[in-house]
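Asks: Below you will find the structure I want to go over with you.
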Amino acid sequence: MSLPLVLILNGPNLNLLGQRQPEIYGRETLADVERDCAALAETLGLRTELRQSNHEGVLIDWVQEARGRAAGIVINPGGLTHTSVALLDALHAFEGPVVEVHISQIHRREAFRHHSYVSLRADAVIAGCGTMGYGFALRRIAALIGRAGEQGGR
Ligand code: CA2
């Protein structure tokens with residue numbers, strides 16, 4: 001039997017992570033995040049698949065495909081966080097836990113970043129922890145689905 005899968009989805013421009021604006025988003029690349037999450041997942045009895053797209057419809061397709069396939073979703077929707085009802089709708093159709101991650105502390109930034117459509121579905125929201133937020137999100141999903149390393153607390 002294969003381990004439960006957690007999809008780690010990333011939205012527009014996050015492919016630039018570690019290459020631009022390090023003062024906001026840090027120096028780690030998405031490849032670093034992928035490697036770190038895969039290593040952590042192993043200790044939690046999970047497996048991960050990290051994906052990034054600059055296209056809203058592609059992200060929606062991936063969320064739809066996660067139904068019945070993934071145990072949970074970690075999602076950093078990028079700028080779509082603040083605009084996409086369609087991504088929210090897709091997440092509503094997913095049955096497992098969803099944790100929303102923002103590398104930056106969006107509530108200390110421009111007012112348009114303070115509202116998230118995705119938060120209306122997310123079981124947890126992590127912002128301002130840098131790329132460590134992905135690891136925290138993974139641990140929370142492990143707890144919510146009852147895997148090793150769970151911390152409890154609801
Ligand atoms: O803080 C986050 O993780 C964000 O989701 C990142 C989005 C932004 O629109 C959200 O408000 C907050 C932007 C992603 C752009 O990522 C870049 C990374 C490096 C260089 C340039 C862009």
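Asks: Once the Cα gyration tensor of region 26-97 is found, what semi-axes does its equivalent ellipsoid get, as square roots of 5 times the eigenvalues, in whole Å, sorted largest first?
Replies: 22, 17, 9
Asks: Between I24 and L3, take the C-beta separation as r, use R0 = 35 Å, and let me know the FRET efficiency to the nearest 0.05.
Replies: 0.55
Asks: While we're looking at this one, here's another question. Let me have the relative contact order for the chain, percent, based on Cα pairs under 8 Å that are six or more residues apart.
Replies: 26 percent
Asks: When the Kirkwood radius is taken over all Cα pairs of region 5-153, what Stokes-Einstein diffusion coefficient follows at 25 °C and 0.890 mPa s, in µm²/s?
Replies: Calculated translational D: 162 µm²/s.
Asks: Let me ask something additional. Long-range amide H contacts for H102: which residues qualify at under 5 Å (H placed 1.01 Å from N, peptide plane, sequence gap of 5 or more or a different chain)?
Replies: Those qualifying (amide H under 5 Å, at least 5 residues apart or on another chain) are I126, A127, G128.
Asks: Let me ask something else about it. With r defined as the distance between the Cβ atoms of R109 and V85 and R0 fixed at 25 Å, what FRET efficiency is calculated, to the nearest 0.05?
Replies: 0.70
Asks: How much mean residue ellipticity at 222 nm does the chain get from its helices, if each DSSP H run of length 4 or more adds -39500 (n - 2.57) and you divide by all residues, to the nearest 500 deg cm²/dmol?
Replies: -10000 deg cm²/dmol
Asks: Further, regarding this structure: Give the long-range amide H neighbours of Q52: residues separated by 5 or more places, or on another chain, with amide H under 5 Å away, using H modelled in the peptide plane at 1.01 Å from N.
Replies: N10
Asks: Hey, another quick one. How high is the FRET efficiency between E65 and A39 when r is their beta carbon distance and R₀ equals 35 Å, given to the nearest 0.05?
Replies: 0.90
Asks: For the chain, what is the accessible area per residue in Å² when the probe is 1.4 Å?
Replies: 49 Å²
The values are calculated or read from the model by the stated rules, or taken from the named source; none is laboratory data. Given the structure is predicted, the values throughout are model-derived calculations rather than measurements. Reconstructed Cβ throughout: ideal geometry from the backbone, glycine too, with neighbour counts over all protein chains shown. Note: areas computed on protein heavy atoms with side chains; ligands, DNA, RNA excluded. Shrake-Rupley method; radii C 1.70, N 1.55, O 1.52, S 1.80 Å.
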